[in-house]
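Student: Okay, handing you the structure first.
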Amino acid sequence: MPTASTDESFEHVLARVEGVEGWLSDGQARRLWDRARELKPGHQAVEIGSYRGRSAIVLASAAPDGATVVAIDPHAGNDRGPQEIHGTREEGQTDHEAFLANLERAGVSERVRHVRRPSSEALDDVQGGIDLLYIDGAHRYTYARDDIRDWARRVAPGGTLLIHDSFSSVGVTLAQIRCLFFSRRFAYVGRERSMAEYRREDLSPGRLLRSALGQTRELAWFARNVALKVAIVSRLRPLQRLLDPHDEGWPY
């Protein structure tokens, strides 16, 4: 059984998660890895939405000894992925078993504390500040808004907030507009495909304007992604080829 080490390379970990189902691209895994490598002993990383463990393995492999990694996912069968909002309890249990097996296979099961509860009910299960928060939970507006609103306020100064399916999911993007576009507490850093990165800091008026403009510029890419999803679902192949000439498929 391999054992994860904070000295191992990103390429090694990427090979380890190659067979783990999920929607974390290689570039997004790299950004998650880089931010987790910046953590210090005593710091805390929290992810909301684990599915079968792809991102949790990256986080736990990169975080230093002495850092805490918490994975929050009820594995209830709902919100499992694109066009899979409603599922069954049996599917959720299958995901849970796969999650545990994948962490064990990757050698990081002892480095991850799993909270099998909805994020809205898990706030008291995580104590103290959060130095790295990765949100990839339910993508409907209300749930995404609540995750950003309730969990992001726990991010410590200088900490990082990462949000998956940003400027791609309608619900997530609307939640970002509501909670982050004009936030005085989070500066927009950029994105890797649909993974947006924010840094917790107190923004001056000028920095706030630059952050808002940076996010506003992403709305053109958001419109493209919404149109591409419509083309894929409606099987409008000419439109799909126009929007996605490299045939990358569902945007995430």
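Student: Listed residues 152, 156; which is crowded, with 21+ Cβ neighbours inside 10 Å and within 25 Å of residue 123 (Cβ to Cβ)?
Tutor: Every option except 152 fails the conditions.
Student: While we're on this one: Mind checking which residues of region 228-252 are within 22 Å of residue 174 (Cβ to Cβ), more than 19 Å from the chain's Cα centre (by Cα) and surrounded by 16 or more Cβ atoms within 10 Å (Cβ to Cβ)?
Tutor: Scanning region 228-252 gives 228, 229, 231, 232, 243.
Student: If you don't mind, another one. Pairs needed: first member in region 26-53, over 19 Å from residue 105 (Cβ atoms); second member anywhere, among the charged types (D, E, K, R) and part of a helix (DSSP H, G or I); C-beta distance under 7 Å; at least 6 residues apart or different chains.
Tutor: 48/147
Student: Further question on the same structure: Among (1) part of a helix (DSSP H, G or I); (2) in contact (Cβ under 8 Å) with a residue 24 or more places away in the chain, which single condition is residue 165 missing?
Tutor: Of everything listed in (1) part of a helix (DSSP H, G or I); (2) in contact (Cβ under 8 Å) with a residue 24 or more places away in the chain, residue 165 misses just condition (1).
Student: Return yes when residue 190 is surrounded by fewer than 14 Cβ atoms within 10 Å (Cβ to Cβ) and either outside the structural domain of residue 150 (by TED's automatic domain parsing) or closer than 27 Å to residue 33 by Cβ (or both) and no when it is not.
Tutor: yes
Student: Here's a follow-up. Go through region 31-73 and count every residue that is of a type outside the set (A, V, I, L, M) and closer than 20 Å to residue 143 by Cβ.
Tutor: 7
The values are calculated or read from the model by the stated rules, or taken from the named source; none is laboratory data. Just so you know, these numbers come straight off a predicted model, no measurement behind them. Neighbour counts are summed over all protein chains in view; Cβ atoms, including those assigned to glycine, are modelled from backbone coordinates with ideal geometry.
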